[in-house]
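Comments concern the structure below.
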Amino acid sequence: MRRAPLMGAAGTVGALTGHAIARYGLRRVHAGLFSGIAAAVALLGLAPGSLPAVALSALLYGPCFMAGSGILAVWSYRAFPERPSAGFSVTVFFLGLGAIAEPALLGAYAELHGLRAAFLLTAGAAALALLCAPGTADADTGAASRQPKHRIYSNR
């Protein structure tokens, strides 16, 4: 079984990100997604030869990664309401830098310490992202108990 098709199919669940943010709030969705990413990558470091662990990792990682992109878009819009396109552009720029630098740095780390250690280091970095929770005033609660501020967040 190849991981990529399973991860991609599971990633389609990420399309529900807006609904999850509206219901549970940006902070809770952020915590759930980065916890899922950390767990998915940790599984690869803890049980690299286990097919069930790899499958569970793919099922966790796909939707969490896809939804993570969605929450960054929502967060950047809330963090820079006067200039949402500039805020999102900066977010995407830094994501691009990370996408270039991280594999090279992690590959060098894996050369020295092994692939299992590299996966566990990556899981730890994802867990550290939990400390960087969105801090906007309405990030802690979902929209289920209040009217959405913007039409894009409504369920209509």
*Do we have any residue at all in region 58-79 that's basic (Lys, Arg) and not in a helix (DSSP H, G or I)?*
no
*Only one of these is of a type in the set (Gly, Ala, Ser), closer than 22 Å to Ala9 by Cβ and touching a helix residue (DSSP H, G or I) at 6+ places or on another chain (Cβ under 6 Å): Ala38, Ala123. Name it.*
Ala38
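It is to be established whether one or more residues within region 83-94 are touching a residue at least 40 places away in the same chain (Cβ under 8 Å) and either of a type in the set (Gly, Ala, Ser) or assigned to a helix (DSSP H, G or I) (or both). Spell out the reasoning first.
First pass over region 83-94, keeping only residues touching a residue at least 40 places away in the same chain (Cβ under 8 Å): none.
For region 83-94, residues touching a residue at least 40 places away in the same chain (Cβ under 8 Å) and either of a type in the set (Gly, Ala, Ser) or assigned to a helix (DSSP H, G or I) (or both): absent.
For the structure I just gave you, tell me whether Gly25 is on the phi > 0 side of the Ramachandran plot and either within 18 Å of the chain's Cα centre (by Cα) or surrounded by 15 or more Cβ atoms within 10 Å (Cβ to Cβ) (or both). Outline the logic, then answer.
Details: on the phi > 0 side of the Ramachandran plot: yes; either within 18 Å of the chain's Cα centre (by Cα) or surrounded by 15 or more Cβ atoms within 10 Å (Cβ to Cβ) (or both): yes.
Here the answer is yes, as Gly25 does meet what is asked.
Would you mention how many residues in region 37-59 are of a type in the set (Ser, Thr, Tyr) and surrounded by 19 or more Cβ atoms within 10 Å (Cβ to Cβ)? Talk me through it step by step, then tell me what you get.
Within region 37-59, the subset of a type in the set (Ser, Thr, Tyr) is 50, 57.
Those still in the list that are surrounded by 19 or more Cβ atoms within 10 Å (Cβ to Cβ) too: 57.
Total satisfying the criteria: 1.
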_Residue tally, condition over 13 Å from Ala127 (Cβ atoms), in a helix (DSSP H, G or I) and touching a residue at least 60 places away in the same chain (Cβ under 8 Å), over region 16-55_ = 11
*Answer yes or no as to whether Leu95 is over 17 Å from Ala129 (Cα atoms) and hydrophobic (A, V, I, L, M, F, W, C).*
no
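Residues checked against (1) buried (at least 16 other Cβ atoms within 10 Å of the Cβ); (2) among the aliphatic types (A, V, I, L, M); (3) at pLDDT 95 or above:
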| site | (1), (2), (3) |
| --- | --- |
| Gly14 | yes, no, no |
| His19 | no, no, no |
| Tyr61 | yes, no, no |
| Gly70 | yes, no, no |
| Pro81 | no, no, no |
| Gly87 | yes, no, no |
| Val90 | no, yes, no |
| Leu95 | no, yes, no |
| Gly114 | no, no, yes |
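From the list Phe88, Phe94, Phe80, pick out the single residue that is over 17 Å from Leu26 (Cβ atoms) and out of contact with any strand residue (DSSP E or B) (no Cβ under 8 Å at 6 or more places or on another chain). Please lay out each step first, then the result.
Details: Phe88 fails: over 17 Å from Leu26 (Cβ atoms); Phe80 fails: over 17 Å from Leu26 (Cβ atoms).
From the options Phe88, Phe94, Phe80, the qualifying one is Phe94.
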_Take Leu33 and tell me if it is on the phi < 0 side of the Ramachandran plot, at pLDDT 90 or above and surrounded by 18 or more Cβ atoms within 10 Å (Cβ to Cβ)._
yes
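The values are calculated or read from the model by the stated rules, or taken from the named source; none is laboratory data. On a predicted model such as this, the values are computed, not experimentally measured, just so you know. Note: ideal-geometry Cβ built from the backbone for every residue, glycine included; neighbour counts use all protein chains shown.
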